[in-house]
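The values are calculated or read from the model by the stated rules, or taken from the named source; none is laboratory data. Please read all numbers here as calculations on a predicted model, not as lab measurements. Neighbour counts are summed over all protein chains in view; Cβ atoms, including those assigned to glycine, are modelled from backbone coordinates with ideal geometry. The protein model used for the area step is the full one, side chains on, heavy atoms only, and it has no ligands, DNA or RNA in it. Shrake-Rupley method; radii C 1.70, N 1.55, O 1.52, S 1.80 Å.
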Amino acid sequence: MDDALFFDTLRQGLWNAVLISTPILVAALVSGIVVGLFQALTSIQEMTLTFVPKLAAILAVFWVSMSFMTTTLTGYFTDTLIPIIAGM
């Protein structure tokens, strides 16, 4: 395997990791900001109030975007990694 193929495969893998993780990270960011604003407006400083809604949002977004994640990861493996491993 030459350097160009290695770095191109690595670049594609990292880009797929960014695509797969973006929906979950955005959900965590948005729910964290909403809960933080709620805590600042009401002066409630409960630690579980930040954890539980963020976890619920992450699980909901993960459940909704699971097919997208599976399709993206399966496409990367079948189009890129399997031909490299098989030597095609």
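Assorted remarks:
- Residue in region 21-44 that is most open to solvent (accessible area, probe 1.4 Å), counting only those that are of a type in the set (S, T, N, Q) and under 22 Å from residue 64 (Cα atoms): 22
- Inspection of region 61-72 finds a residue satisfying the criterion of being open to solvent by 80 Å² or more (accessible area, probe 1.4 Å), over 13 Å from the mean Cα position of the chain (by Cα) and not hydrophobic (A, V, I, L, M, F, W, C).
- Among the residues of this structure, residue 48 does not count as one that is more than 16 Å from the chain's Cα centre (by Cα), more than 30 Å from residue 86 (Cβ to Cβ) and open to solvent by less than 70 Å² (accessible area, probe 1.4 Å).
- Residue match in region 25-32 (condition: over 11 Å from the mean Cα position of the chain (by Cα) and in contact (Cβ under 8 Å) with a residue 24 or more places away in the chain): yes
- Note on region 11-20: among residues that are without any contact (Cβ under 8 Å) to a residue 60 or more places away in the chain and under 18 Å from residue 62 (Cβ atoms), the one that is least open to solvent (accessible area, probe 1.4 Å) is 20.
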